[in-house]
Amino acid sequence: MKSLIVSVFTMAGVLFSADAKPSEAKSPEALKKAAWQVDKHVAEIFKSKRLKVPQVVDDGTFLRRTFLVGAGRIPTLKEAQNFLEIQDENKRAILVSYLLGTDGYRSHMQNYIFDLLRILEETRGQGYYTAYPYIQFVYEAVKDNMPWDVFVRKLVGATGNAWSPGNGAVGFYSRDKGMPLDNLSISLQIFTGERFECAQCHDSPVNEWERIDFFEMAAFISGQKEMNQGIYRKVIDYIDDPDWRRGKYGDMLVWLRDNVHYHTVGNGGEGEIALPRDYQYRDGKPGELIRGKTKFGRRLSSGKRDAGKSRLKFADWMTNENDHFDYITVNRMWERVMGSPLTAPVDEYRVASTTLSPALTDYLKRLLKELEYDLKAFQNVLMLTKTFQFAANAKAFDAGVPQAFNGRQLERMSAEQVWDSLVTLVTGNPDKTAKRQFGDIIYYRGKARMVGQKTMSQVGQDIASMSDPKAYVAYMDQLLEGFNSQSASSEKEKNAGMSMSMGMNMMGRGGVPGPAKGLARASELESPAPAGHLIREFGQSSRKLINESTTEANIAQVLQIMNGHVEDMVVSNKGAAVYDALKAGATDADKVRYIYYAILSRPPSEKEMNMLMRDVIDGSRESYQNLVSALVSTHEFIFVQ
């Protein structure tokens, strides 16, 4: 007989939806066995310290911890009630599977990857968001649970036009346009845990890497340039007007530069690179052409024979049988789930023998491979462990057991978790709020153009094939004619009451691309949020550096909670979902309990209930608003335990 908890937490969002038949390593039984193996290795750590394995946390703490880690938000009133009030020995495992099958997982994981890759959603000149195709690529990759090695290989090996269907990974290089060497050092830090940034200019004083090492790696990705790079300058010369920006083609040329040319990467890597003119060491001469060589892991070299394909070779090297890649991936996922990395800093490679438990480290790397780099499945294993459920143990700290194995550190929610939890209190189901719009509609001067006639991917393909500036100018004439004729046609349709058909056509193509408007999850909003937004006030990354977000407190956060946005958004909002507790409860005590469920994911203690019923709750709505205001202002609400 199916348990009640299974029927409540519907499994409609199946965990491994990308697999018609999950591999044997990803079966529920295999995941449980893997979790047991992890716990076995962690237990050995405690045994070596002559300590007992810590106790697990209570249901309320587990519920809230699991929601914030798995879906980036607190549970709704109904979700909390279903979990807390049902007795089922398997309900914790069922909850984990439920959460990883929801769109909340996609949303929360997307925020994580945006921070990791420093994805900026900003406007340049006219029209589109420059990272738009890149954002769509990440969105769909997480939604479809693309294996991490495949995902990274697509990023590092990207080439072509970002607007081509499925090719948004080109944005990985557009993010650091004109700075390929910086992009390389950042990529090595993110995916391999090796720091080469000092070696860009001189032999590193902090690690083993020399300047020649960096440039031998850079040879694989050298030669990055825009596709059909010379045509744009030829067109400007052909127009022969020093004030061309003010002329007939000025806006169109800027628009094509920002929205088409900028989103392309030509050349798949030269395989060799010239040393810079300021090269200062005896192992090379300024301007000397050197071949590509990997400096760790599997040996790989490149040269002239690899021109046009060396970047793909490099991407394959980075993700295939590379212990650095495996360890950094494992360490990042352990930190994401457990709250602290196996070793700190999280993006520094360590040989297994130098970690606290070499056996655990080796097992986790082996597990990652067995799961085919499926990060959702890997996180599922970690969240099924007793280790994830540990309560902190002061004696273990005193004995030298790191935070990574001793219960989650008490820490403030991330900015996105704060926002998404507030959205939960307002909407009741944040996963059903507005979503980003995707599509390749041409958007020029604030309007959709040539809908159903031409797309951005078609424009990109057309431009890439042009070599004659005269033909380019003729093509701009065609675009301008099409834009103007459709504008006139749209005006006639509007006057005739026929504009709905065009609107439906746009909706069918995904609408005007860009972030959601209004109340929506952080992943759907402009990213990063504009200055002054609550998400920014609570420490969202500016995306200038890797994982630049912060959970440091400041006075602006206090003001936002006490009498700012939070007051208006939740407390004074009569339609907020948190007040569904007043409808669900038959008595004042029930209503208080349900408000606690909705905000703190636990029932009130006996002491809290007695105090509230005696001094605060008088049956009026105002008294319940005061309770909501107080609970949202507590450290318990704003922290992850």
How about region 402-415: which of its residues are crowded, with 21+ Cβ neighbours inside 10 Å, not in a helix (DSSP H, G or I) and not basic (Lys, Arg)?
-> ASN406, GLY407, MET413, SER414
Just give me the residues in region 195-221 being buried (at least 16 other Cβ atoms within 10 Å of the Cβ), assigned to a loop (DSSP other than H, G, I, E, B) and without any contact (Cβ under 8 Å) to a residue 60 or more places away in the chain, in sequence order.
-> PHE196, GLU197, SER204
Selection count where residues are assigned to a loop (DSSP other than H, G, I, E, B) and farther than 30 Å from ALA315 by Cβ, scope region 222-256 | 7
Scan region 48-77 residue by residue and report those that are in contact (Cβ under 8 Å) with a residue 24 or more places away in the chain, of a type outside the set (A, V, I, L, M, F, W, C) and in a helix (DSSP H, G or I).
-> ASP59, GLY60, THR61, ARG64, ARG65, THR66, GLY70
Do you know which of the residues in region 370-395 that are among the charged types (D, E, K, R) and within 22 Å of the chain's Cα centre (by Cα) is surrounded by the fewest Cβ atoms within 10 Å (Cβ to Cβ)?
-> GLU372
Per-region count, region 382-401, residues farther than 17 Å from SER357 by Cβ, touching a residue at least 24 places away in the same chain (Cβ under 8 Å) and in a helix (DSSP H, G or I) = 4
For region 153-175, pairs from a residue that is closer than 16 Å to VAL142 by Cβ to a residue that is assigned to a loop (DSSP other than H, G, I, E, B), with Cβ under 7 Å and 6 or more apart or across chains, are GLY168/ALA162; ALA169/ALA158; GLY171/ALA131; GLY171/ALA162; PHE172/ALA158
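Answer yes if at least one residue in region 120-127 is surrounded by fewer than 24 Cβ atoms within 10 Å (Cβ to Cβ), without any contact (Cβ under 8 Å) to a residue 12 or more places away in the chain and either assigned to a helix (DSSP H, G or I) or β-branched (Val, Ile, Thr) (or both), and no otherwise. Give the steps one after another, and end with the answer.
Residues of region 120-127 surrounded by fewer than 24 Cβ atoms within 10 Å (Cβ to Cβ): 120-127.
Filter once more, keeping what is without any contact (Cβ under 8 Å) to a residue 12 or more places away in the chain: 122-123.
With the extra rule that they be either assigned to a helix (DSSP H, G or I) or β-branched (Val, Ile, Thr) (or both), the set shrinks to 123.
So far as region 120-127 goes, yes, one or more of its residues are surrounded by fewer than 24 Cβ atoms within 10 Å (Cβ to Cβ), without any contact (Cβ under 8 Å) to a residue 12 or more places away in the chain and either assigned to a helix (DSSP H, G or I) or β-branched (Val, Ile, Thr) (or both).
If I filter region 398-406 for residues that are polar (S, T, N, Q) and within 29 Å of ASP103 (Cα to Cα), do I get at least one hit? Explain how you work it out, then say what you get.
Initially, region 398-406 is screened for residues polar (S, T, N, Q), giving 403, 406.
Those still in the list that are within 29 Å of ASP103 (Cα to Cα) too: none.
No - not one qualifying residue is present in region 398-406.
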By residue number, the members of region 349-363 that are hydroxyl-bearing (Ser, Thr, Tyr), surrounded by 14 or more Cβ atoms within 10 Å (Cβ to Cβ) and more than 27 Å from the chain's Cα centre (by Cα) are THR355, SER357
Residue pairs meeting the criteria (Cβ under 7 Å; at least 6 apart or on separate chains; first on the phi > 0 side of the Ramachandran plot, in region 599-619; second surrounded by fewer than 18 Cβ atoms within 10 Å (Cβ to Cβ)) | GLY619/ASP588
Of all residues making up region 429-480, the number that are assigned to a loop (DSSP other than H, G, I, E, B), under 19 Å from SER164 (Cβ atoms), of a type outside the set (Ser, Thr, Tyr) and in contact (Cβ under 8 Å) with a residue 40 or more places away in the chain = 4
State which residue pairs qualify: first residue part of a helix (DSSP H, G or I) and inside region 416-428, second residue buried (at least 24 other Cβ atoms within 10 Å of the Cβ) and charged (D, E, K, R) in any location, beta carbons under 7 Å apart, and separation of 6 or more residues or different chains.
-> GLN417/ARG73; ASP420/ARG73; ASP420/ARG521; SER421/ARG73; VAL423/ARG521; THR424/ARG73
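Let's see how each residue does on (1) in contact (Cβ under 8 Å) with a residue 40 or more places away in the chain; (2) in contact with a helix residue (DSSP H, G or I) (Cβ under 6 Å, 6 or more places away or on another chain); (3) farther than 30 Å from MET476 by Cα:
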| residue | (1), (2), (3) |
| --- | --- |
| TYR249 | yes, yes, no |
| ALA274 | no, no, yes |
| GLY287 | no, no, yes |
| PHE314 | yes, yes, yes |
| ASN331 | yes, no, yes |
| TRP334 | yes, no, yes |
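Quick one: which of ALA141, ALA80 is of a type in the set (Gly, Ala, Ser), over 30 Å from SER605 (Cα atoms) and assigned to a helix (DSSP H, G or I)? Working first, answer last.
Values: ALA80 fails: over 30 Å from SER605 (Cα atoms).
None of the other options fit; the residue is ALA141.
Rundown of residues vs (1) modelled with pLDDT under 95; (2) aliphatic (A, V, I, L, M), yes/no style:
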residue	(1), (2)
LYS26	yes, no
VAL38	no, yes
HIS41	no, no
PHE62	no, no
ALA71	no, yes
ALA93	no, yes
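It is to be established whether one or more residues within region 525-534 are in a helix (DSSP H, G or I) and either free of Cβ contacts under 8 Å to residues at least 60 places away in the same chain or closer than 25 Å to GLY104 by Cα (or both). Walk me through it before giving the result.
So the first thing to find is which residues in region 525-534 are in a helix (DSSP H, G or I), and the list is 534.
Now drop any that are not either free of Cβ contacts under 8 Å to residues at least 60 places away in the same chain or closer than 25 Å to GLY104 by Cα (or both), which leaves 534.
Checking region 525-534: at least one residue is in a helix (DSSP H, G or I) and either free of Cβ contacts under 8 Å to residues at least 60 places away in the same chain or closer than 25 Å to GLY104 by Cα (or both).
The values are calculated or read from the model by the stated rules, or taken from the named source; none is laboratory data. As the structure is a prediction and not an experimental result, all values here were calculated from the model. With ideal geometry, Cβ positions are generated from the backbone for all residues, glycine too; neighbour counts draw on all protein chains shown.
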